[in-house]
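The values are calculated or read from the model by the stated rules, or taken from the named source; none is laboratory data. Here the structure is a predicted model, which is why all the values come from computation and not from measurement. Quick reminder, even Gly has a Cβ in these numbers, built from the backbone with ideal geometry, and neighbours come from all protein chains shown. Side chains are part of the model used for accessible areas, which takes the heavy atoms of the whole protein and leaves out ligands, DNA and RNA. Shrake-Rupley method; radii C 1.70, N 1.55, O 1.52, S 1.80 Å.
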Amino acid sequence: MSGVLVILEIQTNSAQRAGRISRISWEALAAGQKLAAAQSLTLTAAIIGADTESLATEIAAKGIATVRVDHPLLAQYTPDGFTLALHQLIQSETPNYMVFPHTYQVRDYAPALAARLNQVLISDVVDIAVQAGDTGPVFTRQLMQGRLNGNYRATGNGPCLISVQAGAFRAEPTQSATTPAAIKPFTPTIEAAQIRTKPGEPFRGSSQSVDLGSAQLIVSVGRGIKEAENIPIVQELATALGAELAASRPICDNGWLSMDHQVGSSGQTVSPKLYLAVGISGAIQHLVGMKGSQCIVAINKDPDAPIFEIADYGIVGDLFEVVPALTAAIKAAKQ
Ligand SMILES: Cc1cc2nc3c(=O)[nH]c(=O)nc-3n(C[C@H](O)[C@H](O)[C@H](O)COP(=O)(O)OP(=O)(O)OC[C@H]3O[C@@H](n4cnc5c(N)ncnc54)[C@H](O)[C@@H]3O)c2cc1C
């Protein structure tokens, strides 16, 4: 093949999206498309599991050549199973580049796969730059909680393995192609004895739990809200907008909202169309989790709050005045 091979992941940990291709996988595909276009390489997607026919059809319908990596022992994720299957796939397809979504699963098996190939994994990539005359693409990773960027170039013989950060590459909804692309089945050779771990039941958030990763609208609340009793003020705004409610870390640490609401370096990474930050200062650990949002609106009484440096729109004011007024205006506009 000698091109770009993107590994897509089947979501398991969300009650709403279980069994579907995860959103960050589409972002990895967008990164792969960028890489392939810049290097004039072919693009192929691969999906791994026990019966991936319908998912492979979904991908191929978008005009993307797809490999179905199917084996009964891949029904549930195991690092041994995935490493074995992908190693064989690489030997068969000989890609120059492999692009993974930077998920917990990928963090688990991709370093082992890279070690098998005597390669490094360039993980959590936020940008890919290819300039005319360059010897190859430059991959950017964030260092020290996003304070510094590091640029990396792959040397030596490939394949070059990269994983991409959630929210770093925008996955535009892809239209169906007039002619679906080809689907190639690939059955790896795996013996049950080669799988050393026994998978338990996959963790699945309850249907009530917050799926911030796929939310298009997010209203996020910070310490400016002062106490738990005031959270409903922001919840009401979220409800009026049809948005998910999220929070900065102190809100979750205090137990005012559950931990699955937390956005940031030790919480979730989100990339909604709208991120409305209410009483959030904009600490770097918060910013790394939401700076990929398409439109950021901040409400803060401090005109020098760092959140305003990345906000598209800023409202300098007391949230206890601004938020109820905004909620009322949205409700009125919807009537
Ligand atoms: C290892 C590590 C990991 C971390 N991970 C995360 C993480 O994942 N997510 C995260 O969020 N943080 C994380 N943090 C914490 C982070 O450093 C900040 O402490 C935190 O983000 C601050 O939250 P905040 O903006 O809500 O609160 P503050 O920084 O206290 O800001 C509150 C803001 O509200 C404004 N305000 C106050 N009253 C009003 C009012 N009436 N109207 C309008 N505005 C008002 C203030 O001007 C201020 O800007 C982490 C820290 C460390 C060390």
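Below is a table of values for the structure above.
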| quantity | calculated |
| --- | --- |
| Accessible surface of segment 43-131, 1.4 Å probe, proportion on carbon and sulfur as whole % | 47 percent |
| Charge dipole (the chain, unit charges on Cβ, about Cα centre) - positive-most of PHE139, VAL125, THR189 | THR189 |
| Lys/Arg +1, Asp/Glu -1 at C-beta; the chain dipole; positive extreme among ALA61, ILE251, GLN165 | ALA61 |
| Overall Cα dimensions of the chain - principal axes, largest extent first, Å | 62, 48, 42 |
| Dipole magnitude of the chain, debye to nearest 20 (Cβ charges: Lys/Arg +1, Asp/Glu -1, about Cα centre) | 380 debye |
| Per residue accessible area of the chain, 1.4 Å probe, in Å² | 48 Å² |
| Computed magnitude of the charge dipole of segment 231-316 (debye, nearest 20; Cβ of K, R +1, Cβ of D, E -1) | 100 debye |
| Fraction of beta bridges assigned by DSSP in the chain that are antiparallel (%, nearest 5) | 20 percent |
| 5 angstrom amide H check on LEU43, placed H, neighbours 5+ away | VAL4 |
| Segment GLN91-ASP302, length gained on full extension (0.36 nm per residue, minus Cα span) | 70.3 nm |
| ³J(HN,Hα), Karplus 6.51/-1.76/1.60, whole Hz, each residue of segment 311-326, x for Gly, Pro | 6, 7, 9, x, 10, 8, x, 7, 4, 6, 9, 5, 5, x, 5, 5 |
| Percent RCO, i.e. relative contact order, over the chain, from Cα pairs under 8 Å lying at least 6 residues apart | 16 percent |
| Estimated 222 nm signal from helices in the chain, with DSSP H stretches of n ≥ 4 weighted -39500 (n - 2.57), rounded to 500 | -8500 deg cm²/dmol |
| Residues of type aspartates and glutamates that LYS334 reaches as a straight line, Cα spacing below 16 Å, ignoring anything fewer than 8 places off in the same chain | GLU236 |
| Computed E for ILE284/THR189 - FRET, C-beta separation, R0 35 angstrom, nearest 0.05 | 0.15 |
| For segment 96-227, Kirkwood radius (reciprocal of mean inverse C-alpha pair distance, Å) | 19.0 Å |
| Proximal lysines to LYS34, defined as alpha-carbon separation beneath 29 angstrom and excluding residues fewer than eight positions away on the same chain | LYS62, LYS184, LYS273, LYS291 |
| Semi-axes of the equivalent ellipsoid for segment 1-86, Cα gyration tensor, largest first, Å | 22, 15, 12 |
| Angle in degrees between helix 23-39 and the longest Cα principal axis of the chain, rounded to the nearest 10 | 60 degrees |
| Most mobile listed residue (GLY63, GLY81, GLY156) in the chain, GNM with C-alpha springs under 10 Å | GLY156 |
| With DNA, RNA and ligands ignored, accessible area of THR57 (1.4 Å probe; Å², nearest 10) | 70 Å² |
| Scaled radius of gyration (Cα, divided by 2.2 N^0.38 Å) that segment 1-144 gives | 1.02 |
| Percentage relative contact order, segment 8-70, counting C-alpha pairs under 8 Å, at least six apart | 28 percent |
| Degrees separating the helix 79-93 axis from the principal Cα axis of the chain, which is the longest one | 60 degrees |
| Segment 167-273: relative contact order as a whole-number percent, Cα under 8 Å and 6+ apart | 27 percent |
| Cα long-axis angle, helix 104-116 against the chain (0 to 90 degrees, to the nearest 10) | 30 degrees |
| Where labels lie 7 Å past Cα in the beta-carbon direction, separation of ARG196 and ALA333 in nm | 5.7 nm |
